[in-house]
Amino acid sequence: MRSSKTIHVISAHAEGEVGDVIVGGVMPPPGATIWEQSRWIAADNRLRNFVLNEPRGGVFRHVNLLVPPKHPEADAAFIIMEPEDTPPMSGSNSICVSTVLLDGGLIPMVEPETHLVLEAPGGLVRVRAECKDGKAQRIFVQNLPSFAGPLDQTLEVEGIGTLTVDVAFGGDSFVFVDPAAMGFAMTPDEAHDIARLGVRITNAANEQMQFRHPTLPDWTHFSFCLFAGAVRREGSQLHAKAAVAIQPGKVDRSPTGTALSARMAVLHARGQMTEADHLTAESLIGSTFGGSILGTTTVGDTPAILPEISGRGWITGIHQHMLDPSDPWPEGYRLSDSWGAR
């Protein structure tokens, strides 16, 4: 076999959402910070295209690039590549990265708990992994500070009408909608409609509103639409279904860790969740993430929570992505049948 490029990947998923991890074959991108490196990756686009586009990738795939950390406290750093974005943080991807680092032997595992610090583009996240028999069985991630944006906003969506939406940040930027108000029961057979409608809502939000992050001035868009199911409470235990529409048109198979963090920020802002409560978010495939509020802080002048999310990850394979020099599609290709069909 001949190849002008060989990229070594350990594949993984967190509660159903694919988050592959590049462990070799790619030099660290230029940049003084992980955020600057992630902006270089986003602007250059060659690595993103190579690993995300068909035939190596697909709309279902996220890929994380391990890079040397910049912060002295961090054990490892990672840059997240999603189908359309290179975001500040991702819950499912941080769980996949932690699982690969520990189960793959890149960082020594300590039983019954291993503690490590990861540096995401948006900042440090602290990880606590419950480990047994050589397996990281559950990953707890202290996510980036999360905050509610303007709540109960009016949004016009062509073909739907007027919606009442909330805005929040949980490591990435969200617009929330009420699925019941649009007739969704949050069942697996609704995934196609939720994905397509969610992208339309996200696009409408980006046309009519602007997301503002106090300390990341160049992050000015909404990434996702969260279909935020009704919250059920039994004592201090809260439960809600969640479906996140990801550009260009798919539903997250996991409950989305950044969405859970953002949801807890909104519930806290409304006085509906405290540090004594625990929220379980359930995806369309029935997988769950757990969420707690560890405390409060501020991001700039914006009140915020310190969220912790948890979930499980599994390694699914080891791959070497190669490029034959005669391949006429060196950066792959996309078709609208799966990449954002409307």
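Data table
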{"quantity": "Unit Cα scatterers, Debye sum, region 154-194: log10 I(q)/I(0) for q = 0.33 Å⁻¹", "calculated": "-1.08"}
{"quantity": "Nearby lysines by direct alpha-carbon distance to LYS5 (threshold 18 angstrom, same-chain neighbours under 8 apart not counted)", "calculated": "none"}
{"quantity": "Under 10 Å, Cβ to Cβ, from SER223 - net charge with Lys/Arg +1 and Asp/Glu -1", "calculated": "-4"}
{"quantity": "Globularity ratio of region 1-106, using Cα Rg and 2.2 N^0.38 Å", "calculated": "1.01"}
{"quantity": "At q = 0.16 Å⁻¹, base-10 log of I(q)/I(0) for region 1-58 (Debye sum, equal scatterers on each alpha carbon)", "calculated": "-0.62"}
{"quantity": "Selected from ILE41, ILE194, ILE107 as most flexible by GNM, with the chain as the system and alpha-carbon contacts under 10 Å", "calculated": "ILE107"}
{"quantity": "Karplus-derived HN-Hα couplings along region 242-258 (A = 6.51, B = -1.76, C = 1.60, θ = phi - 60°), whole Hz, x at Gly and Pro", "calculated": "8, 9, 10, 8, 10, 4, x, x, 9, 9, 4, 6, 8, x, 6, x, 5"}
{"quantity": "Compactness of region 37-154 - radius of gyration and Dmax, Cα, Å", "calculated": "15.6, 51"}
{"quantity": "For region 217-269, average projected area of the Cα convex hull in nm²", "calculated": "4.7 nm²"}
{"quantity": "Accessible area per residue in Å² at 1.4 Å probe, computed on the chain", "calculated": "41 Å²"}
{"quantity": "Lys/Arg +1, Asp/Glu -1 at C-beta; region 232-342 dipole; positive extreme among MET273, GLY235, THR302", "calculated": "GLY235"}
{"quantity": "Cα-based equivalent ellipsoid of region 242-288: semi-axis lengths in Å, sorted from largest, via gyration tensor", "calculated": "23, 12, 6"}
{"quantity": "GluC sites (Glu not before Pro) within region 268-333, DSSP loop, no more than 16 other Cβ atoms inside 10 Å", "calculated": "GLU275, GLU331"}
{"quantity": "Two-decimal ratio, the chain, of alpha-carbon radius of gyration to 2.2 N^0.38 Å", "calculated": "0.95"}
{"quantity": "Magnitude of the charge dipole, region 71-217, Cβ model with Lys/Arg +1 and Asp/Glu -1, debye to 20", "calculated": "320 debye"}
{"quantity": "Hydrodynamic radius (Kirkwood) for region 153-281, which is based on Cα pairs only, to one decimal in Å", "calculated": "14.9 Å"}
{"quantity": "Descending principal axes extents, region 219-313, alpha-carbon based, whole Å", "calculated": "36, 33, 25"}
{"quantity": "Contact order relative to length of region 225-342, as percent, for alpha carbon pairs under 8 angstrom and 6 or more apart", "calculated": "21 percent"}
{"quantity": "Whole-percent carbon and sulfur share, accessible surface of region 295-342, 1.4 Å", "calculated": "54 percent"}
{"quantity": "Positive minus negative residues near ASP172 (Lys, Arg vs Asp, Glu; Cβ under 10 Å)", "calculated": "-2"}
{"quantity": "Semi-axes of the equivalent ellipsoid for region 31-88, Cα gyration tensor, largest first, Å", "calculated": "22, 12, 8"}
{"quantity": "P(r) weight above 17 Å for region 113-185, C-alpha pairs, percent", "calculated": "62 percent"}
{"quantity": "Distance histogram in 10 Å bins (all Cα pairs of region 122-229, percent per bin)", "calculated": "13, 37, 27, 18, 5, 0"}
{"quantity": "Kirkwood Rh and Cα Rg combined as Rg over Rh, evaluated for region 266-342", "calculated": "1.21"}
{"quantity": "Check: the chain dipole with +1 on Lys, Arg Cβ and -1 on Asp, Glu Cβ, in debye", "calculated": "340 debye"}
{"quantity": "Around ILE285: net Lys/Arg minus Asp/Glu count, Cβ-Cβ under 14 Å", "calculated": "-2"}
{"quantity": "From phi via Karplus (6.51, -1.76, 1.60), per-residue ³J(HN,Hα) for region 283-288 in Hz, x at Gly/Pro", "calculated": "7, 5, 8, x, 6, 9"}
{"quantity": "Candidates GLN153, GLN208, GLN272, ranked by Gaussian network fluctuation over the chain, Cα under 10 Å, top entry", "calculated": "GLN208"}
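The values are calculated or read from the model by the stated rules, or taken from the named source; none is laboratory data. Since this is a predicted model, take the numbers as computed values, not measurements. Heads up, the Cβs are rebuilt from the backbone with ideal geometry, glycines too, and the neighbour counts pull from every protein chain shown. These area figures cover heavy atoms from the full protein model, side chains too; ligands, DNA and RNA do not enter into them. Shrake-Rupley method; radii C 1.70, N 1.55, O 1.52, S 1.80 Å.
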